[in-house]
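Engineer: Can you keep this structure in mind? I'll have questions shortly.
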Amino acid sequence: MNEAASAIFEAMMAEAAGMAPLPCAVVHPCDRDSLQGAVAAAQAGLIRPVLVGPPAKIQAAAAAAGADISDLELIPTEHSHEAADRAVALARAGAVGALMKGSLHTDELMAAVVAKDGGLRTARRTSHVFVMDVPAYDRLLLISDAAINIYPTLAEKADILQNAIDVARALGIIPPKVAILSAVETINPKLPTTLDAAALCKMADRGQITGAIVDGPLAFDNAISAEAAHAKGIASPVAGQADILLVPDLEAGNMLAKQLSYFAGARSAGIVMGARVPIMLTSRADHAATRLASAAVAVKVARARAAIVS
């Protein structure tokens, strides 16, 4: 990754670090990488970690990482399931403003988050947003949903889209331009994704989705290349300059995000929206820079929410 490609993320992290550290429950950080990521985010001034999990395992992870956690708050639990429940309870009580996934499975953490009794549900569907710094693109690119909703319905896509818009606006992209992706740019009843795109655009026109300029269906090339859009005669306020790509389903989004990372050298951050607090879902394959960038996104989202409430 060259320096120019990471400049956007570096600026974002610097801005987030200038805010007050965000109290964050780190759920079951019982391996070296997840604990190291939390400590690095604390050292960068992004979060104030509250470690939740079995003390012996956390101390072993700290030793493996060469990390001093003596000054960090540690809430003991017997196992990962209890850690998820305790972390969610902390968020419900307002003791923390974000969650960070440790070495437990995503499904285990999200089950506690979306539990009907005692969870962090809101009226909106939870969804994951990738924030990507792609060297070949002149702006941040948000992709959703590539991690939680497998085959979302139209109503779920509306929530997924609003969640992504909220992230974009928290990052200072106002108004974000949204491309609703399909394989073609015209409405085709044989392609349900084009019908969903048309409906979502009308929902935006009617104020059911707010805060963004929305267009679709658009194929990927037309969404990110003005030249491709011009060649096809597409007149659109979004074509060639999309900030957000709403993908048809999880498989498409997951493959797109990973292709950008591995083939195009993109750096990425990830966050789950739609719950009472932002949630950082880091993967075991994520680098330290990804964990730091995800923390920066969570800080900016949390502070943007606090500004609206106040």
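Engineer: Hey, among the residues in region 193-221 that are within 15 Å of Pro248 (Cβ to Cβ) and not hydrophobic (A, V, I, L, M, F, W, C), which one's surrounded by the most Cβ atoms within 10 Å (Cβ to Cβ)?
Structural biologist: It comes out as Gly216.
Engineer: Any residue in region 254-273 that is crowded, with 19+ Cβ neighbours inside 10 Å, under 19 Å from the mean Cα position of the chain (by Cα), assigned to a strand (DSSP E or B) and of a type in the set (Val, Ile, Thr)?
Structural biologist: Yes.
Engineer: When both residues are 6+ apart or on different chains and their Cβ atoms are under 6 Å apart, which pairs have a first residue that lies in region 51-79 and is among the charged types (D, E, K, R), and a second that is not in a loop (DSSP other than H, G, I, E, B)?
Structural biologist: The qualifying pairs are Glu73/Val50.
Engineer: For Ala61, state whether it is in a helix (DSSP H, G or I) and either in the same structural domain as Ser283 (by TED's automatic domain parsing) or of a type in the set (Asp, Glu) (or both).
Structural biologist: Answer is yes for this residue.
Engineer: While we're looking at this one, here's another question. Mind checking which residues of region 17-49 are over 18 Å from Ala288 (Cβ atoms), surrounded by fewer than 19 Cβ atoms within 10 Å (Cβ to Cβ) and of a type in the set (A, V, I, L, M)?
Structural biologist: Within region 17-49, Met19, Ala20 qualify.
Engineer: Checking Ser103 against (1) in the same structural domain as Asp221 (by TED's automatic domain parsing); (2) of a type in the set (Ser, Thr, Tyr); (3) farther than 17 Å from Gly274 by Cα, only one condition comes out false. Which one?
Structural biologist: All conditions pass for Ser103, except number (1).
Engineer: Please pick out the residue among Arg92, Arg86 that is among the charged types (D, E, K, R) and surrounded by 18 or more Cβ atoms within 10 Å (Cβ to Cβ).
Structural biologist: After ruling out the rest, the residue left standing is Arg86.
Engineer: Which residues, counting only those in region 274-296, are β-branched (Val, Ile, Thr), modelled with pLDDT of 95 or more and part of a loop (DSSP other than H, G, I, E, B)?
Structural biologist: Selection gives Val277 alone.
The values are calculated or read from the model by the stated rules, or taken from the named source; none is laboratory data. Keep in mind it's a predicted model, so treat the numbers as computed, not measured. No Cβ is skipped: glycine too gets one built from the backbone with ideal geometry, and neighbour counts run over all protein chains shown.
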